[in-house]
Amino acid sequence: MRTAEDWPLQTFLELGALPSAVPCARLHARQVLWEWGQTSLGDGVELLVAELVTNAITAAAAADGIPTVRLWMLSDKTQVLILVWDASPEPPVRKNLHAEAESGRGLLLVEAFSERWDWYFPQEMGGKVVWCLTPRGINVIHNRERRIVPRDR
């Protein structure tokens with residue numbers, strides 16, 4: 001099991017569980033990766049952050065109180081570990097969708113663009129944390145149909 005010392009680069013951001021939190025989280029991820037000298041990971045990390053924060057906002061809407069989401073990014077200088085917390089105790093569910101569905105693909109994208117992903121219940125603060133780990137050298141390309149697809153690993 002890895003410890004905090006294994007992730008020398010770390011950042012944290014708490015946001016209101018509002019739709020405007022998604023572009024804020026993406027911008028934060030982009031800026032932090034620039035500061036860390038890891039801009040080559042930018043598109044993939046931004047996509048993963050956006051999907052996890054979007055899912056957390058949706059889940060937080062069902063929780064009591066003032067909904068917030070929390071984002072952590074940690075890096076060992078080759079990979080980025082992304083963790084997103086929301087107050088909902090409901091586990092994330094990967095949906096089986098038909099081709100015409102316009103939403104609900106967040107965890108499918110996380111699964112496609114990350115090396116691993118999972119979730120857990122943090123006992124000290126309730127709710128849940130969904131996390132994913134980028135593959136080393138993650139990047140994305142845009143195909144001719146302007147769809148984002150994972151680059152071959």
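Since every read-out is calculated from the coordinates, none of them should be taken as a lab result. Keep in mind the model is a prediction, meaning the values are calculated, not measured. All Cβ positions, even for glycine, are placed from backbone atoms using ideal geometry, and neighbour counts span all protein chains on display.
The distance between label points at residue 109 and residue 24 comes to 2.0 nm (points 7 Å beyond Cα on the Cα→Cβ vector).
Charged side chains reduced to their Cβ positions (Lys and Arg at +1, Asp and Glu at -1) give region 15-83 a dipole of some 80 debye around its Cα centre. Counting Lys and Arg as +1 and Asp and Glu as -1 over every other residue whose Cβ lies under 15 Å from the Cβ of residue 67, the net charge comes to -2. Placing a pseudo-label 7 Å from each Cα along the Cα-to-Cβ vector at residue 14 and residue 77 gives an inter-label distance of 3.2 nm.
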